[in-house]
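Every number here is computed from the coordinates shown, using simple stated rules; none is lab data. This one's a predicted model, so the numbers in the text were calculated from it and none came from an experiment. Positions of Cβ are backbone-derived with ideal geometry, glycine not excepted, and every protein chain shown enters the neighbour counts.
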Amino acid sequence: MNNSVTLIGYVGNTPETRDTASGSKLATLSLATSRILRGEGGKPRLGDDGKPMTETAWHRITCFDAIAKSVTEHVAKGMKIVVTGRLRYSRWTDKEGVERTGSEIVARSVDFLPRPREAAPEA
């Protein structure tokens, strides 16, 4: 069985970096992905403004070593990226003694996507 995830979205924050106890470099960031909501017949549902309605999901991305270094040097909030990796679930007890669960994507690769060019102003 293969645990593989590919996400395309926009970076929600400047990557946060630190070194692990074992000396590895670690970077974390959030990634927003969106999908168009569809109604009957698969047609996009329209909002009051006449535009298609969307649903946004936020994902926690964790990068190690060379990928963490590249992400730290080249990724900024608002960039569009492709992340390929694996899904990992965690369980821990917080400072108040409450048991928590969460998920994250551990990146195997991060690719940077260009933004569309701005349209030239008409003369």
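Each of ALA66 and ARG38 was given a label point 7 Å from its Cα along the Cα-to-Cβ line. The distance between the two points is 3.9 nm. Extents of region 1-64, largest first, come to 53, 34, 12 Å (Cα atoms, principal axes, whole angstrom).
Extension gain, ALA76 to THR101: 0.36 nm times the residue separation minus the Cα-Cα distance gives 6.3 nm. With the simple spin-label model, which puts each label point 7 Å out from Cα in the Cβ direction, the ASP49 to ASN3 separation comes to 3.9 nm.
Charge dipole (Cα centre; +1 on Lys/Arg Cβ, -1 on Asp/Glu Cβ; no other charges) of the chain amounts to roughly 280 debye.
With a Förster radius of 25 Å applied to the C-beta separation of ALA21 and ARG86, the computed FRET efficiency comes to 0.70. Contact order for region 1-105, expressed relative to its length and based on alpha carbon pairs under 8 Å spaced 6+ residues apart, stands at 33 percent.
Taking the Cα centre as origin and putting +1 on Lys and Arg beta-carbons and -1 on Asp and Glu beta-carbons, what dipole magnitude results for region 58-121, to the nearest 20 debye? Don't skip to the end; give the middle numbers.
On the way: 12 positive and 8 negative charges, 29 e Å.
Computed charge dipole of region 58-121: roughly 140 debye.
In the set (1) 216; (2) 129; (3) 115, the label that goes with volume of the Cα convex hull per residue in Å³ computed for this structure is (1). Net charge dipole, region 12-52: roughly 180 debye, given to the nearest 20, about the Cα centre with Cβ charges of +1 for Lys and Arg and -1 for Asp and Glu.
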